[in-house]
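Below you'll find the structure, written out as structure tokens, and then a few comments.
The values are calculated or read from the model by the stated rules, or taken from the named source; none is laboratory data. Computed from a predicted model, the values in this text were never measured in an experiment. Here the Cβ positions follow ideal geometry from the backbone for every residue, glycine too, while neighbour counts run over all protein chains shown. Accessible surface is based on the protein model in full, side chains and every heavy atom, while ligands, DNA and RNA are left aside. Shrake-Rupley method; radii C 1.70, N 1.55, O 1.52, S 1.80 Å.
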Amino acid sequence: MRVLIVGSGGREHALAWKIRQSPLVKEIFCAPGNGGTAIIAENVPIKETDIQALADFAVSRKIDLTIVGPETPLVAGITDVFEEKGLKIFGPSRKAAEIEGSKIFAKQFMVRHRIPTARFQIADTPEIAMKIIRSGEFLFPMVIKADGLAGGKGAIICNNLKKAEETVHNLMVKKQFGPAGERIIIEEYLRGHEASFIVISDGTKALPLVTTKDHKPVFDGDRGPNTGGMGAISPSPHINKEEFVKIMETIILPTITRLLEERRKFVGVLYAGLMMTDEGPKVLEFNCRFGDPETQPQMLRLESDLVEIILNALEGNVLMREVNWSTKPAACVVVTSGGYPLKYETGKKISGLDKAESIPGVIIFHAGTKIEDGNFVTSGGRVLGVCASEKNLEKTMEKIYGAISVINFEGMHFRRDIGCEK
Ligand code: AMP
Ligand code: GLY
């Protein structure tokens with residue numbers, strides 16, 4: 001088979017790495033890919049948002065299966081365009097992807113179907129927003145969210161009235177995230193532990209992947225602004241067997257069933273960002289795709305053939321084969337450009353990669369890298385995902401941090417406390 005992977009992050013490198021191990025696959029293309037995917041696949045210089053060019057490429061190069069990493073092309077309808085042309089693609093349709101594309105749709109859907117989530121109100125003008133904020137219905141801290149896609153930066157936790165006013169102004173008046181902030185959600189702040197619960201859905205059934213915990217804030221101790229994710233460990237330390245079943249029964253399966261009933265059949269990866277509260281698991285958000293960095297430790301633990309699983313899901317039979325996972329934990333620490341998620345510089349030469357990768361058991365996935373004059377240089381905020389899977393989490397983290405200690409580039413930053421919490 002010839003497989004096309006759409007995207008350019010650590011997630012896509014991890015998918016390409018795993019798919020390369022499949023006996024079903026002969027050739028892999030990544031559009032646009034990164035410095036790491038260039039080594040194990042063929043990078044194609046087409047942007048992930050250029051759906052027409054991607055479809056033309058898939059037709060002309062006789063691609064048998066396309067797998068979409070990021071949300072933007074899914075929300076824009078890449079699956080519908082490919083399917084119209086008779087191309088096989090793994091990812092939800094535009095209508096199903098709205099579960100991530102519109103937070104208001106997702107919240108109203110959850111209320112309609114009694115799927116546990118934080119209490120909320122919707123505002124479509126700054127005046128209404130301020131009225132809700134001042135009404136006392138939500139105590140501080142409260143969470144204000146842009147309705148549309150905002151690159152993971154659209155949820156703002158407000159500790160006081162001043163911050164809430166400023167946030168409403170930034171989203172609705174200054175339009176910090178463009179049309180994504182035309183309508184906003186004001187919601188109750190949930191306390192507990194976060195977990196990422198990710199499944200592959202065939203439209204009616206779900207295959208849960210091993211659980212993970214992401215680390216969103218940029219600095220140690222969960223300080224600083226939220227990022228796309230600074231590291232992930234698998235399994236999540238906060239989901240026991242009982243909670244796992246509860247999440248499947250109260251969140252995942254009802255979501256898939258109700259989406260089908262609402263003519264939004266969801267075939268693809270459904271990612272529930274959860275808060276494990278004293279009242280049980282509640283949904284913070286849904287994503288319509290694999291997580292990043294969550295996919296990186298997950299692919300290290302997956303022993304079965306990912307391509308076979310995906311083909312079964314597309315046939316409507318995702319549970320056809322038993323899926324095997326390593327019982328060993330796995331983790332990923334993300335190495336970023338200094339300044340990320342705010343302003344940062346790129347074009348910095350990365351040294352020590354060969355040495356780090358020669359440590360047995362260390363796997364490095366690239367994100368914001370490219371090859372220039374035979375060297376890897378930085379080209380984005382999140383640069384590398386340094387991963388390992390050892391017999392316990394302590395050994396896993398030791399191996400990862402040992403590998404990071406030999407990598408260097410100007411301004412390099414990473415969290416030193418991934419996998420440390422008790
Ligand atoms: P979201 O984009 O909705 O996942 O939000 C991004 C991050 O903001 C989450 O991973 C949480 O850390 C935080 N967050 C979002 N909603 C809430 C909430 N209702 N209560 C507490 N934290 C939240
Ligand atoms: N790591 C968070 C996400 O993939 O959305």
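Data for the structure
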| read-out | value |
| --- | --- |
| Alpha carbon convex hull of the stretch 33-89, volume per residue in cubic angstrom | 80 |
| Estimated inter-spin distance, GLU357 and GLU322, nm [label 7 Å along Cα→Cβ] | 3.5 |
| For the stretch 99-201: accessible area per residue (Å², 1.4 Å) | 47 |
| Counted charge near VAL323, where neighbours are those whose Cβ lies closer than 12 Å (Asp, Glu -1; Lys, Arg +1) | -2 |
| Global size of the stretch 290-396 as Cα Rg and Dmax, reported in angstrom | 16.7, 47 |
| Stretchable slack from GLU261 to GLN52, in nm (0.36 nm times residue separation minus alpha-carbon distance) | 72.2 nm |
| Heavy-atom accessible surface of the stretch 97-206: percent carbon and sulfur, 1.4 Å | 51 |
| Spacing of the two label points (7 Å from each Cα toward its C-beta) at TYR401 and GLU308, in nm | 3.8 |
| Heavy atoms of LEU311 accessible to a 1.4 Å probe, total area in Å² rounded to 10 | 40 |
| P(r), alpha carbons of the stretch 1-142 - 5 Å bins starting at zero, rounded % | 2, 10, 16, 16, 14, 9, 8, 8, 8, 5, 3, 1, 0 |
| Cleavage-rule hits (GluC sites (Glu not before Pro)) in the stretch 170-229: DSSP loop, at most 14 neighbouring Cβ within 10 angstrom | none |
| Length gained when the stretch SER135-LYS85 is fully extended (0.36 nm per residue, less Cα-Cα span) | 12.9 nm |
| Heavy-atom accessible area per residue - the stretch 231-342, 1.4 Å, Å² | 39 |
| DSSP beta bridges in the chain [antiparallel fraction, %, rounded to 5] | 80 |
| Accessible surface of the stretch 286-363, 1.4 Å probe, proportion on carbon and sulfur as whole % | 47 |
| Set LYS145/LYS246; LYS26/LYS47; LYS370/LYS395; LYS216/LYS395; LYS153/LYS175; LYS349/LYS370 screened for pairs whose C-alpha atoms are more than 19 Å apart | LYS145/LYS246; LYS26/LYS47; LYS370/LYS395; LYS216/LYS395 |
| Overall Cα dimensions of the chain, principal axis frame, Å, largest first | 58, 47, 43 |
| Cα→Cβ-extended label distance, 7 Å offset, between GLU315 and LYS343, nm | 5.5 |
